Amino acid sequence: MGLPVKGTSIGWAETENAAPEIRRWATEQLLCLWRRQRHRTDSVASWGDEIEYSLFNLDPRTERATLLLDQEKVIRQWQESPASKEEPVILQWEWANYVVETTPAKPYTGSIEDLLNVQKNMKRRREIVNGFLMPNQHTLSLSFFPRAGADGQWTTPHGQNETYHSVCSLPRYRIVPENIIGRRETSKETCYPIYQDTQTPPFYDILPSGEEVRNHLCLDDLEIGIGCCSLQTTFQTSNESEARWLHDQLIPLAPIFLAMTAAVPIWKGYLVDTDVRWQRFGDVLDDRRPEEMATIVGLLPFTRLARDLTRECQPPRWTWNRTYISEEKPSGLESTSPLQPMNPAIKQRLLDGGMDESLATHFASILSRDPLILTQDDMDNLNTSNTKLFQLLQSCVWHAVRFKLPITDAGPGWCIEFRTMESQLTDEANAAFAIFSYLLSRAIVTMHLNFYIPIDKVGESMEFAKERDAVRRGRMWFRRTGWSGSTAISGSMCREHTHRMNGVAKGEYAFMTADEIFNGESGPDGFPGLVAIVRLYLEQSKMPEAEQAKLESYLELVSKRASGENPTPATWMREFVRSHEDYRQDSYVSERVCYDLMREIVRMNEE
């Protein structure tokens, strides 16, 4: 969640009063950083992944699965262990006290050795964390625990009667939710529709306001969401221009990969009619005031936003990107959503500082926000000698695709972080999507692939991606023609498609299934599929056929996921629950069913 907090945080009222000055200095820090780094180049296309693992206690005597609040114990013991400096992994803090964030200790390259090491590294991360746990305790890459927030005890050790008992002990994770609530001034009421099974009775839940809602599950508690876990990948590019191009091409792919990795069909012990964590985390981090809300959404959290909204409407901090930033984007293509908030003074300062319109718009939308956390030390050091204020504001806007500047001369260069994928249930599946997303990013850059569609269509696809079983039942917007600048590439794969940079014609993008997007359309003029594009990239990269064959199992996993042969984690979990002998076809996931579900996931990772 960004930079650690050192020093005592000041209260929300003082933070809000200081916001204009913080935004001004953050803007100056960004300009100094950008001027210093804008011409930086890096020759190695390094990359890495980040997986958040949840800790569980499985009690065979009572047949109960509970979340294990041992994050601090694990990380402290890891930090004190001499072996930690020799291991190929890093363990880090996360928002929930039952989650440990993990990354490889050093970036990967595109070599076959590094690509084949990804799954081994992920397995090693779980082994290391498990080494600090008791025999019946386990580390799983689960996007969210099915019974978190259910009535009765759901954590081990059990929480006291205090607020945020499952929140990480570090100051940042305590202060941010307090300031979110302080800023928005009202409670956040969100409901998810219950999945209607054959014996599901009429269901009622109560909103914080006391209003009763029918056939919807109320998720009003902060702690029902802070433990959402994801699989994120970060790619270093050669320079700023390349990073901006990759950023833009990954934006239309973000909802598609969200649907492909969907992994959360259960909330608070009930099957729901959605499959992903994305909207819930957005709800948790939504600090908008009533006048900043885009529209009155009502009970369903996935209602599409109205098209005639003003620019004063503020999107949530956890959201899909609403701006394309490449200097090469097609003219005439809508590049900014009407929901993009903007402080005109900040944008003008960035323009005066040398940024072009697209980049200034992107960063102005971030720097226009109020800071969510501030210390007295921040207030006493308002200058351009560091980048702390800029990083503070950028780290508190969680876009689907994050554009990252080089912060230091010795650190990573221009990077793009791809953030929508959900944690998969096995190391193999996590490795498959991490490797595939990296190979696709290299294909995009080296082949200069063009996946631009109107930005509002990306928003519509994000809505479709949240729906139950979106991979098999839904369609999303995608660029099916005009995607390749090389007639040699496009001609060999799908006859003669041409690349135009003077706009995107309506016929060039269409509603497509995940199967069509990844495995290709039928017919000679159809889109060949992302899997075929990755295979072509591997051929053109001069990787020997024997080495390409070693990656084939990962490509096949992704391909079969798109076709529906390999179900998403959400679909698999839903079907496991519905086929369990103790399930009553009433949408309720009991402790026994949950225990057996967790035990089966443990078994899958031990094979």
Original post:
Within the set of pairs 6+ apart or on separate chains, which have a first residue in region 148-173 that is at pLDDT 80 or above, a second that is surrounded by fewer than 19 Cβ atoms within 10 Å (Cβ to Cβ) and not in a loop (DSSP other than H, G, I, E, B), and C-beta atoms under 7 Å apart?
Top reply: V167/R174; S169/E72
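Search region 269-314 for residues being among the small types (G, A, S) and modelled with pLDDT of 75 or more, and hand back the single one that is farthest from the chain's Cα centre (by Cα).
Initially, region 269-314 is screened for residues among the small types (G, A, S), giving 269, 282, 294, 298, 306.
Then drop every residue that is not modelled with pLDDT of 75 or more, which leaves 269, 282.
On the way: G269: 23, G282: 11 Å.
By that ranking, first place goes to G269.
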**OP:** Please enumerate the residues belonging to region 76-107 that are buried (at least 20 other Cβ atoms within 10 Å of the Cβ), farther than 21 Å from A431 by Cβ and either of a type in the set (V, I, T) or more than 24 Å from the chain's Cα centre (by Cα) (or both).
**Re:** W78
Subject >> Selection count where residues are in contact (Cβ under 8 Å) with a residue 24 or more places away in the chain, over 25 Å from E460 (Cα atoms) and either in contact with an Asp or Glu (Cβ under 6 Å, 6 or more places away or on another chain) or assigned to a loop (DSSP other than H, G, I, E, B) (or both), scope region 521-555 >> reply: 5
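Conditions (1) surrounded by fewer than 18 Cβ atoms within 10 Å (Cβ to Cβ); (2) at pLDDT 95 or above; (3) within 27 Å of the chain's Cα centre (by Cα), marked per residue:
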position	(1), (2), (3)
T8	yes, no, no
L33	no, yes, yes
D42	yes, yes, yes
E50	no, yes, yes
S54	no, yes, yes
D59	yes, yes, no
E63	yes, yes, no
Subject >> Matching residues in region 241-268 - criterion: being surrounded by fewer than 22 Cβ atoms within 10 Å (Cβ to Cβ) and in contact with a Lys or Arg (Cβ under 8 Å, 6 or more places away or on another chain) >> reply: K268
**OP:** Within region 326-382, work out how many residues are in a loop (DSSP other than H, G, I, E, B) and among the polar types (S, T, N, Q).
**Re:** 8
Subject >> Where E242 falls short, out of the listed (1) touching a Ser or Thr at 6+ places or on another chain (Cβ under 6 Å); (2) more than 28 Å from L68 (Cα to Cα) >> reply: (1)
Subject >> Residues of region 315-368 satisfying the condition of being hydrophobic (A, V, I, L, M, F, W, C), modelled with pLDDT of 90 or more and in contact with a Lys or Arg (Cβ under 8 Å, 6 or more places away or on another chain) >> reply: I325, I346, L359, A360, A364, L367
Original post:
Do we find a residue being surrounded by 15 or more Cβ atoms within 10 Å (Cβ to Cβ), among the β-branched types (V, I, T), at pLDDT below 95 and at negative phi anywhere in region 197-204?
Top reply: no
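Strands (runs of 3 or more DSSP E) wholly in region 168-243 with at least 1 residues that are in contact with a helix residue (DSSP H, G or I) (Cβ under 6 Å, 6 or more places away or on another chain) and not basic (K, R) - which ones?
Details: elements: 191-193, 204-206, 212-214, 216-218, 231-236.
The qualifying strands (runs of 3 or more DSSP E) are 231-236.
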**OP:** Filter region 356-414 down to residues that are of a type in the set (V, I, T) and closer than 25 Å to S46 by Cα and give me whichever is surrounded by the fewest Cβ atoms within 10 Å (Cβ to Cβ).
**Re:** T408
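Could you pull out the residue among F576, F518 that is under 26 Å from P146 (Cα atoms), out of contact with any Lys or Arg (no Cβ under 7 Å at 6 or more places or on another chain) and touching a residue at least 24 places away in the same chain (Cβ under 8 Å)? Don't jump to the end; show me each part of the working.
Numbers: F518 fails: under 26 Å from P146 (Cα atoms).
That would be F576, the only listed residue that is under 26 Å from P146 (Cα atoms), out of contact with any Lys or Arg (no Cβ under 7 Å at 6 or more places or on another chain) and touching a residue at least 24 places away in the same chain (Cβ under 8 Å).
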**OP:** For region 349-367, name all the residues that are more than 15 Å from Q29 (Cα to Cα) and either free of Cβ contacts under 8 Å to residues at least 24 places away in the same chain or of a type in the set (A, V, I, L, M, F, W, C) (or both).
**Re:** E357, L359
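The values are calculated or read from the model by the stated rules, or taken from the named source; none is laboratory data. Remember, it's a predicted structure, so these values are computed and weren't measured experimentally. Neighbour counts run over all protein chains shown; Cβ positions are idealised from the backbone, glycine included.
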